[in-house]
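The values are calculated or read from the model by the stated rules, or taken from the named source; none is laboratory data. This one's a predicted model, so the numbers in the text were calculated from it and none came from an experiment. Neighbour counts run over all protein chains shown; Cβ positions are idealised from the backbone, glycine included. Please note that ligands, DNA and RNA were not included when accessible areas were found on the heavy atoms of the full protein model with its side chains. Shrake-Rupley method; radii C 1.70, N 1.55, O 1.52, S 1.80 Å.
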Amino acid sequence: YPTATFTETCISYSLTIQYHINPPAAPLQPACTNIGYDNGDLSGWIGTTGAVNIGGTGAPTHTYIPMYYGISPTQHSVTSGPGIDPYGGFPIVNPAGGTNSIRLGDFGTFGSTGQYLGGVPGACGATLEQKFTVTASNALFVYYYAVVIQDAGSDHTNQEQPFFKTDIFDCSGNAVACGQYLVTGGPGIPGFTLAGVGSNVYWKNWSPVAVDLTPYIGTCVTVRYTVGDCTRGAHFAYAYIDATCSPLAITGINKVCPTKSTVLSAPVGLFTYSWTPGGATTQTVAVTPTTTTTYTCQLTSYANCTTFLTYSVSLYPSAIASANSTTICAGTAAALTT
């Protein structure tokens, strides 16, 4: 691929980097390679940096145009340590994850008291994506995100506002059910809080989203995160992201003694849980079966998609014992038979 040294307002630094008019497709990775950035880098991922143009009438966002292929220090940054975001005060590393996360998008600079001093100039955007094989061991994909986004004002249409979105596609490029998330700048965004610093900046704390990939076992999916500033270049958005892969299953002990309890746990990252029998609505539930019982948990995602998981718990037989004598003298023995 050709290379060039450049200074670009969306990048704001000089760097020799590969550039592409049409970035190459993400190479196929083994199941969930470095999915949570635990290697401390972005191995297994590909990134692009580009510009944004106003979208067409009725489009949910403006149009992102990838210009440069590769990891950009101003747009793709692995986060680690105990730091907090200057707008939302939430951790820069997913509290429910490993030691690292990723920050995607313009971060800007801040003063000693936390005031925003300005971001990377220009109407910028960036993507990060990975294509991986789906197996039974990683059929549950859970990504965690925290977002900071600025309301560009009523003079900006939705197609001009900053945005963050997640897309998951199958091997043929078709959207995976319940694999899409989108937020655009604006006042009073549901689930977001107005920051105490900056101008019309909103933030959302770390939130998990679970996606059922069982229909794609034996094939592959592509996970892509995209962030973009407003089309006029004065308002920004960035997101922190983490992810995990695991089997889509209930966990717990599947055999207990009579009258004893065990705890069953459904996967994390769902919006609601509904257990039967019992009616519990928590991720974990304590059960005390009186006979072999199959428990069902209805999982509903934030995208209002439903999955049902089952788990059976059986009982050990009750202990039955007999003795050749029920009364013995001290120091003598009796035979017990079970």
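Counting only residues that are open to solvent by 60 Å² or more (accessible area, probe 1.4 Å) and either part of a loop (DSSP other than H, G, I, E, B) or not polar (S, T, N, Q) (or both), how many does region 308-318 have?
4
Go through region 46-76 and give me each residue that's within 13 Å of T127 (Cα to Cα), of a type in the set (S, T, Y) and modelled with pLDDT of 85 or more.
T48, T49, T63, Y64, Y68, Y69, S72
For a quick check of your reading of the model, give me the residue pairs whose first member lies in region 245-265 and is without any contact (Cβ under 8 Å) to a residue 60 or more places away in the chain and more than 24 Å from S137 (Cβ to Cβ), whose second is exposed (fewer than 14 other Cβ atoms within 10 Å of the Cβ) and not β-branched (V, I, T), with beta-carbon atoms closer than 8 Å and at least 6 apart or on different chains.
Close Cβ pairs satisfying both conditions: C257/Y316; S261/A286.
Residues checked against (1) on the phi > 0 side of the Ramachandran plot; (2) touching a residue at least 40 places away in the same chain (Cβ under 8 Å); (3) of a type in the set (D, E, K, R):
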site	(1), (2), (3)
A175	no, no, no
Q180	no, yes, no
G188	yes, no, no
S199	no, yes, no
P215	no, no, no
V227	no, yes, no
A234	no, yes, no
A243	no, yes, no
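Listed here are the residues, each with its yes/no results for (1) hydrophobic (A, V, I, L, M, F, W, C); (2) under 21 Å from V223 (Cβ atoms).
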residue: N53; (1), (2): no, no
residue: M67; (1), (2): yes, no
residue: S77; (1), (2): no, yes
residue: G83; (1), (2): no, no
residue: T99; (1), (2): no, yes
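Within region 210-229, is even one residue under 21 Å from Q298 (Cα atoms), part of a strand (DSSP E or B) and polar (S, T, N, Q)?
Scanning region 210-229 turns up no residue that is under 21 Å from Q298 (Cα atoms), part of a strand (DSSP E or B) and polar (S, T, N, Q).
Which residues, taken from region 75-96, are closer than 23 Å to V268 by Cβ, touching a residue at least 60 places away in the same chain (Cβ under 8 Å) and either out of contact with any Gly (no Cβ under 6 Å at 6 or more places or on another chain) or open to solvent by less than 20 Å² (accessible area, probe 1.4 Å) (or both)?
T79, D85, G88, F90, P91, V93, N94, P95, A96
Sort out which residues of region 293-307 are under 16 Å from T251 (Cβ atoms) and either open to solvent by 20 Å² or more (accessible area, probe 1.4 Å) or free of Cβ contacts under 8 Å to residues at least 24 places away in the same chain (or both), and write them in order of number. Walk me through how you get there before you give the answer.
To start, the set of residues in region 293-307 that are under 16 Å from T251 (Cβ atoms) comprises 294-297, 299, 307.
Hits for region 293-307 are T294, T296, T307.
For the structure I just gave you, tell me whether A303 is in contact with a strand residue (DSSP E or B) (Cβ under 9 Å, 6 or more places away or on another chain) and in a loop (DSSP other than H, G, I, E, B).
In short, yes.
Within the group G191, G198, which residue is within 21 Å of A303 (Cα to Cα), part of a loop (DSSP other than H, G, I, E, B) and more than 13 Å from the chain's Cα centre (by Cα)?
Just a single option satisfies the conditions, and that option is G191.
Of all residues in region 204-258, how many are more than 18 Å from G47 (Cβ to Cβ) and of a type in the set (G, A, S)?
Within region 204-258, residues that are more than 18 Å from G47 (Cβ to Cβ) and of a type in the set (G, A, S) number 8.
With the structure loaded, tell me whether S137 is over 21 Å from Y240 (Cα atoms), modelled with pLDDT under 95, outside any loop (DSSP other than H, G, I, E, B) and over 16 Å from the mean Cα position of the chain (by Cα) or whether it fails that test.
So S137 passes the test.
Go through region 215-245 and give me each residue that's more than 17 Å from the chain's Cα centre (by Cα) and either under 20 Å from Q159 (Cβ atoms) or of a type in the set (S, T, Y) (or both).
Once the filter is applied, which keeps residues that are more than 17 Å from the chain's Cα centre (by Cα) and either under 20 Å from Q159 (Cβ atoms) or of a type in the set (S, T, Y) (or both), region 215-245 yields Y216, T219, G228, D229, C230, T231, R232, G233, A234, H235, F236, A237.
Just one of the numbered conditions (1) open to solvent by 10 Å² or more (accessible area, probe 1.4 Å); (2) over 25 Å from G88 (Cβ atoms); (3) of a type in the set (A, V, I, L, M) is not true of A234; which one?
(2)
Using the structure shown, decide if P215 is of a type outside the set (V, I, T), surrounded by fewer than 16 Cβ atoms within 10 Å (Cβ to Cβ) and touching a Pro at 6+ places or on another chain (Cβ under 9 Å).
no
Please go through region 269-292 and pick out each residue that is assigned to a loop (DSSP other than H, G, I, E, B), in contact with a Phe, Trp or Tyr (Cβ under 9 Å, 6 or more places away or on another chain) and open to solvent by less than 80 Å² (accessible area, probe 1.4 Å).
Once the filter is applied, which keeps residues that are assigned to a loop (DSSP other than H, G, I, E, B), in contact with a Phe, Trp or Tyr (Cβ under 9 Å, 6 or more places away or on another chain) and open to solvent by less than 80 Å² (accessible area, probe 1.4 Å), region 269-292 yields G269, L270, P277, A280, T282, Q283, P289.
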